[in-house]
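Shown next, in structure tokens, is the structure this report addresses.
The values are calculated or read from the model by the stated rules, or taken from the named source; none is laboratory data. Because the structure is a prediction, the values reported are computed rather than measured. Cβ sites come from the backbone with ideal geometry, for glycine too, and all protein chains shown count toward neighbours.
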Amino acid sequence: MIQESMRTNPPPDPAAVEFALETRALTKRMPSGGKPLTILDQVTLSIPRGEFVAILGPSGSGKSTLLALLAGLDRPTSGEVRLDGEAIQDLSEDELALLRRRKVGFVFQSFQLLSNLTAQENILLPMELLGVSDGEARADELLALVGLSERGHHYPSQLSGGEQQRVALARAFAPRPAILFADEPTGNLDSATGERVLQLLTDLHRRDGTTLVLVTHDPAVAALAERRVHLRDGHIARDERGDSTLTASKQ
Amino acid sequence: MNFAAFLRNIRRETRGARGRLIFFTACLAIGVAGVVAVAGLSASLDQTIRGEAKQLLAADLAIEGRKPLPPQLDSLIASVAGARRTDVREMVTVVAAKSNDGSAGRSQLVELKAVGEGYPFYGTLTTEPQRPLGTLLGAQNAVVAPELLTRLGLRVGSELKIGTGTFTISGTVSKEPDRLGGAFSLGPRVFIALGAVPGTGLEGKGSRVSYRALVRLPDGSTRAQATALVDRLDTALEPLGRFRVESYTEAQPTLRNGLHRAERFLALVALLSLLIGGVGVAQTVRAWLAGRMDAIAILKCLGMRPREVLRLYVAQTVVLAGIGSALGCILGTAVQWAVPALLGSLLPAGLPRTLEPVALLRGLLLGIGVALLFSLPPLLGALRVPPARVLRRDAEPIPFSRAVQILLGSVLLGGVYTLAVVQSQSWSLGAGFTGALVGATAALALSAWLVRKAIGRLPRGRRGRGIGWRHGLAALTRPGAGTTSAIVALGLGVVVVLAMRLVESQLAGQLEHDLPADAPSAFLIDIQPDEWPGVQEVLNRNGATHIDAVPVVMARLTAIDGKPVEEIAEAQTAEAPAKKPANGSAGSSSENTRRGQRGERREGGGGGNRRWALTREQRLTYMATLPADNRIVEGKLWSDPAKSEVSLEQDFARDIGAHLGSRLDFDVQGVPFELEVTTIRTVKWESFGINFFLVVEPGVLEQAPQQRLAAARLPQGGEQVIQDQLAARFPNVTMLQTRDILDRIRTVMLRISSGIRFLGGFTILAGIAILAGAVGASSARRGREVALLKTIGMTRRGVMQVFATEYALLGLVAGVIGAAAGGVLAWAVLTQQMQVPWHFEPAPFVAAVVGAVGLAVLAGLAASAGALRRRPIEALRAE
């Protein structure tokens, strides 16, 4: 399939791009009854390559909306989003899909595995979309990495929540995305299972040098990140750096 | 994504949803089966009634004239490969028994019919001995009507003098398929072979011979092909004068109306079945995709482009539609085969069951076409699924661009129009159908919108007390409830079912009403005035009823408004080519006697028609009031005491060029008199009563030399006794029986009407089945809602109330709007397309609304029954 022809402008030279993600005055409003509700208001944020950022905030603070906008799942009302140096807010649905296919991986709170595919097929799917025909070896490797070598032929309904999320992790990393978005990845898991999933997530992030954007309301989870961006009422309330892995893991 | 991966994805998409898949395919199959079965049954019915109609002409088409047919006719007919021709010549002549000593014995006026090889192409003759006519007719053989034997005192094997030839009677004939004009025949039938005509010396100058070529088109020819050949022949023969071309569809006015209406009806059935099938398919695909929304969002999230998603689901729909259509074809064919076996006597006898590969292929393609076209709007909905749905279930759908909307609209319109044209085989009907569909859909969508707006405006507190009522109302207005599509689908279903019911019952009723129920079964001609009491007495004694008689005065038209008719006729011949008489209305003057008109004989065609109308001997009658089957369209009957008035039949008046106020000069055996046209009237010829072109007011012709024409209904089986008694006492009176032709017409018309009732009923049932499936399919996704309501403590009874309220409201709106639209459609089809008067009956309308409500509630409850039974947690987990 001709994918490159979709590009409207040539991609910037990756070496010249410092940031994996940048936003400028990013605003999202939604119609709510009569008057529009402002969910995100003039958010400006830069995330360097390879950084692990947690986006924190209470329910309704705009975390998930920010994630959707950063990943090109939704369109801003105004402002700019650059992914790998490319402005994505005006791309068509097709162009966005191709961008996600090549550069982005996702892990969701509710796993979002395709129920009609086996674990292995779920992991293979993004690679198939990229036209990789011999992804089985990598899928098996990833299955082994998340400890599910024996479960590759099981359907999601035959797996526990933790197992499903590990499959989702393997699927997210399978095409070696430049950026991985995780939306409350442990929200539906018990704490032990959640910890295991987080461990895997950070391991894979380190191993591949993937930029990781994690949305959570849980400070303990956020403590794993190199940087924490606190959202409140659609604004960035605090942006702090520093490794607090040690203290967080003890909590 | 390469092709193998694409195929893999199509296959994977069908996993883990076997149940839903089977349901989906079954709904598709039912939709297609409805279309296929109706198409098959229509074809069978069409074939049956056409077969009957062809018998009445003994051919697909006939070319007729008063002079030998032109030689170029052969090449014209040969333009249709496989067409066959045979010729028939008819003349009135006197035959005589040949007595033993060789001298001529008693003689009798007969109608001689010389037939060529292959006659009749359709239908059979009843002969004694029962052998094909061709083998009975040698070079010098004749087959005659039994009454000729009685009158001449002959038997089979006797010799008969026809003109200068001598023939041996080889058998008798009691029925011939194409002798419709028995009523006005002038004597018993005599058949000879065409090759024997020269030997009779009858074809010389001065004898009136009717030349007719019968054409049989190859089996499987369509009506359009017959009509096309008729048009070609008409054009080619026009300059050669006085030839008339007719196809089997025009052979007889009652039948022609019936066939025309049946044809319109079948087109309607085809279109409505298409619509109901399409609605079923659309709702099913919509429901199917509703269950795939999450998967589509994930696929998009992982980078599948919208067009790839669309391609995936279109391909999947094609595969499923193919399977569904194949199943539908099998089911539809099975229905065609089973239904006549099940219903037996309710159906037109001998309904042929055809299993044609072409028809099956057509059904398959039609099924896939319907499925693809009608699933297009829900399929395009897949484009609108936002990838952000993975984060938030209620993420807003991606809007369509204006270009996509216009493209979608055009593709839909074009597709519906194409399918409609294919189904109805008519450009204009296709356009009408498409327009009506758009109108009905718009009306339904608008009313759905209005209802949602109105409910939304109601303050929540004022919506009533019951929790079921409040939640039911709320369910209709919540975002993404699919209220509009459900109302449109159900409403269109109501349109189809109600329109079908109204058209079917009113049309069949009209056809049955049109049947000549009280028509006379015999006519008696040439009764002298002093013989009438005696004839009446014979009739009464033998149980004849409905006896009616009118005086007949033979006269010649000499001038119109002072201008001699010879001059008028010549002037008309000069302005060639003469205008063709209109063919559209029943009983137009281009009809001739074979079409079953009584009292008047019409002949010729093209320009010769007028000349003949002017110069022939006219039959006049006089009466104070007109028969019931006459309707005055201009003037007032016998309104001017100062004048001698005459009333003209409309088409006859046009043929001779007379109008209100024209003065007509007549000559009765040398006595001239003048009449003024004071009324113009139409005649319902198909009533088979005694009717005349020229009716004169009483007091003018009473003293003129006249005869009587009588009509009566004879008791079944009593005809022969009456015939014999009349022949003995009044040898100059000729009795002509019409029971045979009446029975034939009756049979055909009853077949048409019972076929219409049956097919209508079948379409209605299929429609209801498809609709129930569609409503069920669209409510199958309500499990989660049921579970939630139960979780928060609502009893099952309460949940059922919520659903019942919601679906009842939905059914009510769809029922009311659909019934209104269905009524308009039925009215338009009946009055504009079929010329059937409209009678408003409230019952079907009430039944349609009540039925729509009932169906919606039942289907809604049935679809949520599974979720109602399960524990809430199961349903919540399953989501």
Where in the range B:102-182 are the strands (runs of 3 or more DSSP E), entirely inside, with at least 2 residues that are within 42 Å of the chain's Cα centre (by Cα)?
B:104-115, B:126-128, B:141-144, B:165-175
Among residues of the range B:15-59, those that are within 14 Å of another protein chain (Cβ to nearest Cβ) and modelled with pLDDT under 70, counted:
5
Kindly list the number of the only condition in (1) assigned to a loop (DSSP other than H, G, I, E, B); (2) facing chain A (nearest Cβ under 10 Å); (3) more than 17 Å from A:Pro76 (Cα to Cα) that fails for B:Leu383.
(1)
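Would you confirm, using the coordinates I've provided, whether B:Gly241 is at pLDDT 80 or above and more than 14 Å from every other protein chain (Cβ to nearest Cβ)?
Details: at pLDDT 80 or above: no; more than 14 Å from every other protein chain (Cβ to nearest Cβ): yes.
So B:Gly241 does not fit the description; no.
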What are the pairs with Cβ atoms under 7 angstrom where one residue, in the range B:827-851, is closer than 24 Å to B:Tyr807 by Cβ and among the polar types (S, T, N, Q) and the other, located anywhere, is assigned to a helix (DSSP H, G or I) and at pLDDT 90 or above? Sequence gap at least six, or different chains.
none
Here is a check on your reading of the model: is B:Leu45 within 27 Å of B:Ile764 (Cβ to Cβ) and hydrophobic (A, V, I, L, M, F, W, C)?
yes
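Give me the residue from the range B:643-666 that is under 13 Å from B:Val700 (Cβ atoms) and not β-branched (Val, Ile, Thr) and, out of that set, nearest to the chain's Cα centre (by Cα). Spell out how you get there, then give the answer.
Residues of the range B:643-666 under 13 Å from B:Val700 (Cβ atoms): B:643-647, B:664, B:666.
Subset that is not β-branched (Val, Ile, Thr): B:643-645, B:647, B:664, B:666.
Numbers: B:Lys643: 46, B:Ser644: 44, B:Glu645: 40, B:Ser647: 34, B:Leu664: 41, B:Phe666: 43 Å.
Step by step, filter the range B:643-666, then rank; the result is B:Ser647.
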Restricting attention to the range B:286-308, does a residue exist that is surrounded by 22 or more Cβ atoms within 10 Å (Cβ to Cβ), within 15 Å of B:Gly369 (Cα to Cα) and more than 14 Å from chain A (Cβ to nearest Cβ)?
no
Every residue in the range B:807-838 that is part of a helix (DSSP H, G or I), within 15 Å of B:Met500 (Cβ to Cβ) and not polar (S, T, N, Q), please.
B:Gly818, B:Ala819, B:Ala821, B:Gly822, B:Gly823, B:Val824, B:Leu825, B:Ala826, B:Trp827, B:Ala828, B:Val829, B:Leu830
Checked pairs for the range A:104-132, first under 18 Å from A:Leu145 (Cα atoms) and more than 7 Å from chain B (Cβ to nearest Cβ), second assigned to a strand (DSSP E or B) and β-branched (Val, Ile, Thr), C-beta under 8 Å and 6 or more apart or across chains, list as A:Gly105/A:Ile179
Within the range B:621-652, tally of residues that are farther than 18 Å from B:Lys684 by Cα and not in a loop (DSSP other than H, G, I, E, B):
4
In the range B:123-154, what count of residues is obtained for those that are surrounded by fewer than 18 Cβ atoms within 10 Å (Cβ to Cβ), at pLDDT 85 or above and under 27 Å from B:Ile722 (Cα atoms)?
2
Please name all residue pairs, on different chains or six or more residues apart, with Cβ atoms under 7 Å, provided the first residue is in the range A:58-69 and is within 11 Å of chain B (Cβ to nearest Cβ) and the second residue is assigned to a helix (DSSP H, G or I).
A:Ala68/B:Ala388
Take the conditions more than 14 Å from every other protein chain (Cβ to nearest Cβ), modelled with pLDDT of 85 or more and over 26 Å from the mean Cα position of the chain (by Cα) and apply them to B:Val314. Does it pass?
yes
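So in the range A:70-99, with the set limited to residues that are within 11 Å of chain B (Cβ to nearest Cβ) and part of a loop (DSSP other than H, G, I, E, B), which one is surrounded by the fewest Cβ atoms within 10 Å (Cβ to Cβ)? Give the derivation first.
Going residue by residue through the range A:70-99, those that are within 11 Å of chain B (Cβ to nearest Cβ) are A:71-75, A:92-99.
Next, from what is left, pick out any that are part of a loop (DSSP other than H, G, I, E, B): A:71-75, A:92.
On the way: A:Ala71: 29, A:Gly72: 25, A:Leu73: 26, A:Asp74: 22, A:Arg75: 18, A:Ser92: 13.
Ranking the qualifying residues of the range A:70-99, first place goes to A:Ser92.
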What is the number of the single condition among (1) part of a helix (DSSP H, G or I); (2) in contact with a strand residue (DSSP E or B) (Cβ under 9 Å, 6 or more places away or on another chain) that A:Val213 does not meet?
(1)
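Any residue that is assigned to a helix (DSSP H, G or I) and of a type in the set (Gly, Ala, Ser) - is there at least one of those in the range B:662-674? Break it down into steps so the answer makes sense when it comes.
Quick first cut of the range B:662-674, residues assigned to a helix (DSSP H, G or I) only: none.
No, every residue in the range B:662-674 fails to be assigned to a helix (DSSP H, G or I) and of a type in the set (Gly, Ala, Ser).
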Identify, from the list B:Leu498, B:Leu458, B:Leu444, B:Leu502, the residue that is in contact with a helix residue (DSSP H, G or I) (Cβ under 9 Å, 6 or more places away or on another chain) and at pLDDT below 80.
B:Leu458
Is it the case that the range A:47-63 has a residue that's polar (S, T, N, Q) and modelled with pLDDT under 90?
yes
I'd like to verify a number: residues in the range B:38-81 that are surrounded by 15 or more Cβ atoms within 10 Å (Cβ to Cβ) and part of a loop (DSSP other than H, G, I, E, B), how many?
7
Pick from A:Leu212, A:Leu200: which is at pLDDT below 90, under 19 Å from the mean Cα position of the chain (by Cα) and within 24 Å of A:Glu128 (Cα to Cα)?
A:Leu200
